[in-house]
Amino acid sequence: MKSISVLVTAFAANCAIATAHQPLGSLFVRDDPPWPTIEKAAFNQNTYHGCFNDSGTLKLNTTRMNTQQMMNFGNGLEKDLGVSSGLCFQWCKGNQTTVAAMSQGDQCWCGTEYPPVSAQTDIENCDITCSGYNLEYCGGADTWSVYNLGAPTVVNSKPKTSSTSAAPSSTTSAAKTSSISSAVSASTVTTTESVSSDDSKKGKSNTAGIVAGTVVAVVVVLSAVGGVFLFMRRKRNKEIEDEHRRNAAVNAFVGKPPSTSDGMSMADARLDPVLVQRRLSDGSIADNQDYSRRILRVTNA
């Protein structure tokens, strides 16, 4: 009777845990949980969309390990009860998103688009049970269990790397190849022309700058030479004028020399002691004859 009561108590505890998505007690004994079934999204109904090996545009919302400790996950202190589908749905709906996903058993992801269609894989690849409720799977090591939160229409995100499609026909392939080659060549020609035009403009501007600099340098040099020449000429003229002024001052101090009857100036005899002792007529016409009277002389006897 006592064993029956213990079994009933354990069963009731397991039912309560399953209903509230709480961690299982030590008395719970189970097999592996069943694999979920992929369902079409219905309005206001949470449905399983499949297992994917790519997260697409989904963003990590939280990571919880079910430590039963009070922790701060961004909204204040709360008890770490792990991750389950029901808890992940609540967190994602609180962020106004339409898609929820679980990964690695303890991560909750949210978004507005499914992962890419090409990333969908077998549901058995999502084989890690949820940290907060081990009767369901919460993705795998590199896979995501994706759910719809009741949105009527949700699109798939584009793949991160484009997948290789089937090989097209030879005609289509040749046409695409020729169009791509022409486009690449056209872009190459355009780029080359633009670079050449830029180089020519730069060359012209550099040449013009060199010519302008040379002209300015020549003008500066000629101006300097002209300034030096004018300065020297003015200095020479000033020296000549000063010399003339000094000579004029000396002449004014000595006095003006006497002038002869024919207008030619002569040196003052008083300055030469030798000339003072000599007569000015010495060596010229004799003074012992009277030239005031006319005398008839016969030149041809």
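Worth a mention:
- Annotation note: of G82, G50, G74, the sole residue that is in a loop (DSSP other than H, G, I, E, B) and touching a residue at least 24 places away in the same chain (Cβ under 8 Å) is G82.
- Any hit, the range 148-164, residues being at pLDDT 50 or above, part of a strand (DSSP E or B) and closer than 30 Å to Q69 by Cβ: no
- Selection status of S118, at pLDDT 90 or above and not in a loop (DSSP other than H, G, I, E, B): yes
- Scanning the range 101-111 finds one or more residues that are among the aliphatic types (A, V, I, L, M) and either in contact with a helix residue (DSSP H, G or I) (Cβ under 7 Å, 6 or more places away or on another chain) or modelled with pLDDT of 95 or more (or both).
- Meets criteria (at pLDDT below 90, under 27 Å from G56 (Cβ atoms) and either open to solvent by 90 Å² or more (accessible area, probe 1.4 Å) or of a type in the set (S, T, N, Q) (or both)) for T143: no
- Listed by first and then second residue, the pairs with beta-carbon distance under 9 Å, at least 6 apart or on different chains, first residue in the range 211-228 and assigned to a helix (DSSP H, G or I), second open to solvent by 90 Å² or more (accessible area, probe 1.4 Å), form an empty list.
- Condition met for C92 (more than 20 Å from E124 (Cα to Cα), in contact with a Leu (Cβ under 7 Å, 6 or more places away or on another chain) and either in contact (Cβ under 8 Å) with a residue 60 or more places away in the chain or open to solvent by less than 40 Å² (accessible area, probe 1.4 Å) (or both)): yes
The values are calculated or read from the model by the stated rules, or taken from the named source; none is laboratory data. The structure displayed is predicted, hence computed values, not measured ones. Every residue, glycine as well, gets a Cβ built from its backbone with ideal geometry; the counts of neighbours run over all protein chains shown. The protein model used for the area step is the full one, side chains on, heavy atoms only, and it has no ligands, DNA or RNA in it. Shrake-Rupley method; radii C 1.70, N 1.55, O 1.52, S 1.80 Å.
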